[in-house]
1. So the check is Cβ under 6 Å with 6+ separation or different chains; which pairs have a first residue in region 69-81 that's within 11 Å of Ile94 (Cα to Cα) and a second one that's acidic (Asp, Glu) and crowded, with 16+ Cβ neighbours inside 10 Å?
2. Looking at Ser102, Ser74, which one is under 21 Å from Ile181 (Cα atoms), more than 18 Å from the chain's Cα centre (by Cα), outside any loop (DSSP other than H, G, I, E, B) and small (Gly, Ala, Ser)?
3. Cβ contacts < 6 Å: first residue in contact (Cβ under 8 Å) with a residue 12 or more places away in the chain and buried (at least 21 other Cβ atoms within 10 Å of the Cβ), restricted to region 43-60; second residue among the polar types (S, T, N, Q) and assigned to a strand (DSSP E or B), any location; separation 6+ or different chain. Result?
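Here, each number is a calculation from the coordinates, and none is a lab measurement. If you're wondering where the values come from, they're calculated on a predicted model, not measured in any experiment. Cβ placement follows ideal geometry from the backbone for every residue including glycine, while neighbour counts extend to all protein chains displayed.
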Amino acid sequence: MKYLFSRYGGSSFIIGKGRASDEKLPEDQSLDNLLDHHATEIIEKLFFISSYDACPKFMGAYQRLPPKSVKIGSVEHDFFEVFMQDDFRVTTEIYTTIHDFSNVYALFIRTSGEYLKSVFEGYKPSYDYVQTTFFRDVSPQDLRLNPKLMEIMLLILFYKMGINETDFNFQPSKTFLGKRISKKFIENVNALSAGIKSDADLKKLLEQY
């Protein structure tokens with residue numbers, strides 16, 4: 001059995017129609033159309049699409065990462081995406097790659113944990129495309145040269161995952177991108193994330209960041 005977590009377009013269903021949040025999606029789910037007309041402009045020149053809100057056709061579970069994907073880091077956190085009687089911890093790896101354009105980045109996450117395997121028979125971790133981030137007229141666009149863009153993507157991700165107000169532990173990878181994440185961000189990401197309770201809070205934080 002394939003288990004769809006709430007990271008795929010929300011957890012509410014409309015009988016006969018699927019996930020309630022997918023009602024928001026247009027007929028034309030091309031990347032161009034979604035970025036131009038349906039992405040959230042959280043601050044000026046910064047747009048994102050999250051599969052936690054609605055899941056376009058190009059998002060969801062992948063068995064393999066796209067070519068040139070790079071691991072950013074991993075986060076240990078409580079698992080909230082399926083309602084369980086007891087809390088348990090999992091590890092989620094985070095990857096990024098360019099999606100069609102040099103200023104559009106895809107985020108993939110892969111969640112694993114022994115408890116998941118014991119609870120969900122046949123569970124196999126997938127690479128889940130959960131976030132598209134579009135930096136319009138931002139320079140430089142290369143994450144190696146402007147690692148703050150990477151940190152912004154992570155702040156949005158942790159908020160959408162619902163782990164931002166909890167005790168989570170982010171560790172950067174040893175890749176060339178992971179090494180570009182600032183020590184200040186690593187030390188303060190929990191405190192930065194803790195105050196985000198709404199999109200308005202996220203907007204205020206990113207405007208200051």
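1. Ser74/Glu93
2. Exactly one of Ser102, Ser74 is under 21 Å from Ile181 (Cα atoms), more than 18 Å from the chain's Cα centre (by Cα), outside any loop (DSSP other than H, G, I, E, B) and small (Gly, Ala, Ser), namely Ser102.
3. Listed by first residue and then by second, the contacts come to Phe48/Thr40; Phe48/Thr133; Ile49/Thr132; Ser50/Gln131.
For every residue, the table says whether it meets (1) among the hydrophobic types (A, V, I, L, M, F, W, C); (2) assigned to a helix (DSSP H, G or I); (3) closer than 20 Å to Val104 by Cβ.
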site	(1), (2), (3)
Phe134	yes, no, yes
Asp137	no, no, yes
Gln141	no, no, yes
Glu151	no, yes, yes
Thr166	no, no, no
Phe185	yes, yes, no
Asn190	no, yes, no
Leu205	yes, yes, no
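Yes/no matrix, rows are residues, columns are (1) touching a strand residue (DSSP E or B) at 6+ places or on another chain (Cβ under 6 Å); (2) under 17 Å from Val75 (Cβ atoms); (3) hydroxyl-bearing (Ser, Thr, Tyr):
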| residue | (1), (2), (3) |
| --- | --- |
| Leu107 | yes, yes, no |
| Phe135 | yes, no, no |
| Asn164 | no, yes, no |
| Thr175 | yes, yes, yes |
